[in-house]
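Okay, so here's the structure we're looking at.
Laboratory data are not the source of any read-out in this text; all were calculated from the coordinates shown. Please read all numbers here as calculations on a predicted model, not as lab measurements. FYI the Cβ positions are ideal-geometry reconstructions off the backbone, even for glycines, and counts take in every protein chain you see.
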Amino acid sequence: MSKKVAFYTLGCKLNFSETSTISRQFEEKGFKKVPFTDTPEIYIINTCSVTDNADKKCRKIVREARSISPDSYIAIIGCYAQLKPKEISEIKGVDAVLGAAEKFRLIELLDGFIKEKETRVLASEVSEAKDFVHSHSINDRTRTFLKIQDGCNYLCSFCTIPLARGKSRSDTIENILNKANEIAQTDVKEVVLTGVNTGDYGIVDGKRKYRFFDLVKELDQVKGLDRIRISSIEPNLLSNDIISFAAESKRFVPHFHIPLQSGSNKILKLMRRRYLRELYAERVAKIKSLMPDACIGVDVIVGFPGETDEDFMETYNFLNELDISYLHVFTYSERANTDAVEHKDVVPMKIRNKRSKMLRILSEKKRRHFYESQLGKNHVVLFEDDISDDGMMHGFTENYVRVSAKYDPVLINELKKVRLERIEDDGRVSVTEIENEVLAH
Ligand code: SF4
């Protein structure tokens, strides 16, 4: 009988797409993929180093796995595994730890998944993680996360990702187009382009071969792809060319997620980000001038060492005035082996939490304001396969407004033209359908 394997993923979309690829490798070799609670013989836990308390979370999941299936083989992969292989190997119940260069060869390296006395640690230096390994998720039939790039050559002073994932490297345009054409033949309606530093797309075998814009133009030609979303892009890499092109494109959606991290130039410099707030504001203005209904999401970090009340208020006021739609707020937390951890002006946790709360409230205000600006307008929704307790289903418009409608299985995975009616108590927007036919794609 085939062995059962279960997966657990922490962290970003990239991790999800990679887990998906690894799970397909298992299925191809005859393993049976099962839910976490279905007493599998093997557990693969894909970890994240950005997540706060990565260590605690990893331990907790290992504990859960052992209580469900005490004799199971437990392998840990992902960013945290690359950064702290020894620590992880000491967690009770862990049988193997694999680094960035090894995780895609897991089945071959852990031949047979036989439990041994000693935990196996197969994590070479991150400089060994040179190959680009294609990944895309196919668990969810409405959208797929397509990995186009991995690693990062930037040296932001707070970030461990380059240490966990290695240098920037990309898939070739040819491979990506082949994948995109394959996806276009399936039921999937939306492709989300993912990477560690997506806008840096184009380094192949250590040399710059393309620009991200080259890929954008090519992907826009793929027939049968309904929607293409860029998961996140650095402001300095989101060129006016890309913005103008997206404004004209039928496939690239008017939704941009652009990390800002701080609205204070002093802090941006300490963070070693590659832009100043003025450039960020220009990008937002450009997007809004060409796509007034575009949704713009912002990553921001509060409590970076040296961030005074004035610096924080600079960020707050900057964001308050900026025409953006929502924030992802991160509370700065110290990471070993980064430069930021050496800074002396540590911001007390209480203040970090207070700032974080202020920005979360601002985010809600921004989102509501953005949603209100969309009421009465027509948009296309991609409905998802979910039903909530109150009998509603959900979906996103092209410009990332979360909508709800009465559950109707016929709508699942369909693109429907709707009018946005009103903001409900749960924050979602109710809609009315204005056309019965499925939109052509
Ligand atoms: S751009 Fe900066 S924050 Fe983003 S992955 Fe690279 S080093 Fe980390």
Worksheet item: Which whole-number percent is the relative contact order of the stretch 378-433 (Cα, under 8 Å, 6+ apart)?
Response: 35 percent
Item to complete: Give me the net charge of Tyr326's neighbourhood, meaning all other residues with Cβ under 14 Å from the Cβ of Tyr326; Lys, Arg count +1, Asp, Glu -1.
Response: +3
Worksheet item: For the stretch 145-200, what ratio Rg/Rh do Cα atoms give with a Kirkwood hydrodynamic radius?
Response: 1.09
Worksheet item: Of the listed peptides 298-309, 336-347, what is their order by residue-averaged count of other C-beta atoms within 10 Å, with the highest listed first?
Response: 298-309, 336-347
Practice prompt. Would you mind checking which residues have amide H under 5 Å from Ile301's amide H? H placed 1.01 Å from N; only 5 or more apart, or other chain.
Written response: Gln261, Ser262, Phe330
Response to the item:
So for R0 = 35 Å, FRET eff. of Glu64-Glu125 from the Cβ-Cβ r, to 0.05, ends up at 0.65
Worksheet, complete the sentence: With 0.36 nm assigned to each residue of separation and the Cα-Cα distance removed, Ala247 to Leu155 gains 30.0 nm
Worksheet item: What ranking do 34-45, 160-171 get when scored by the average of other Cβ atoms within 10 Å per residue, highest first?
Response: 160-171, 34-45
Worksheet item: For the residue pair Asp220 and Glu87, what label-to-label distance in nm results when each label sits 7 Å from Cα along the Cα-to-beta-carbon direction?
Response: 4.4 nm
Response to the item:
Cys residues of the chain with no disulfide-compatible partner (no other Cys Cβ under 4.7 Å) are Cys12, Cys48, Cys58, Cys79, Cys152, Cys295
Worksheet item: Long-range amide H contacts for Arg120: which residues qualify at under 5 Å (H placed 1.01 Å from N, peptide plane, sequence gap of 5 or more or a different chain)?
Response: Ala96, Val97
Worksheet item: Taking amide hydrogens as modeled 1.01 Å from N in the peptide plane, which residues meet the under 5 Å criterion relative to Thr144, leaving out close sequence neighbours?
Response: Glu190, Val191, Val192
Response to the item:
A correct Stokes-Einstein calculation for the chain, using the alpha-carbon Kirkwood radius, 25 °C and 0.890 mPa s, returns a whole-number D in µm² s⁻¹ of 106 µm²/s
Worksheet item: For the chain, what is the percent of antiparallel DSSP beta bridges, rounded to the nearest 5?
Response: 35 percent
Practice prompt. Indicate the gyration tensor shape class of the stretch 257-408 (rounded, prolate or oblate), computed on the Cα atoms with a ≥ b ≥ c the square roots of the eigenvalues: a/c under 1.5 is rounded; otherwise a/b larger than b/c is prolate and the rest oblate.
Written response: prolate
Discussion item. Helix-only mean residue ellipticity at 222 nm, the chain, DSSP H runs n ≥ 4 weighted -39,500 (n - 2.57), per residue, nearest 500. What is it?
Written reply: -9500 deg cm²/dmol
Item to complete: For the stretch 4-127, divide the Cα radius of gyration by the Kirkwood radius and give the resulting Rg/Rh value with two decimals.
Response: 0.91
Discussion item. Just to be sure I understand the model, the point goes 7 Å from the Cα along the line to the Cβ. What's the resulting Glu364 to Glu310 distance in nm?
Written reply: 3.1 nm
Discussion item. Over 20 Å apart: what share of the alpha carbon pairs of the stretch 35-108 falls there, rounded to a whole percent?
Written reply: 24 percent
Worksheet item: Efficiency by 1/(1 + (r/R0)^6): what FRET value for Thr186 and Arg272, r their Cβ-Cβ distance, R0 = 51 Å, to the nearest 0.05?
Response: 0.80
Worksheet item: So what J values fall out for the stretch 165-175 if you push phi through Karplus, 6.51 cos²θ - 1.76 cosθ + 1.60 with θ = phi - 60°, rounded to Hz, Gly and Pro as x?
Response: 10, x, 6, 5, 8, 9, 7, 6, 4, 4, 4
Worksheet item: Taking the Cβ-Cβ separation of Glu414 and Asn175 as r and a Förster radius of 30 Å, what is the calculated FRET efficiency to the nearest 0.05?
Response: 0.50
Practice prompt. Rounded to the nearest Å, what's the spacing between the alpha carbon centres of the stretch 269-312 and the stretch 141-195? Just the number, please.
Written response: 23 Å
Worksheet, complete the sentence: Applied in sequence order to the stretch 314-322, the curve 6.51 cos²θ - 1.76 cosθ + 1.60 (Karplus, θ = phi - 60°) yields integer Hz couplings, x standing for Gly and Pro, of 4, 4, 4, 5, 4, 5, 4, 7, 6
Worksheet item: Each residue of the stretch 334-349 in turn: what ³J(HN,Hα) in whole Hz from Karplus with 6.51, -1.76, 1.60 and θ = phi - 60°, glycine and Pro shown as x?
Response: 4, 10, 4, 6, 10, 6, 4, 5, 7, 4, 8, 6, 5, 8, x, 4
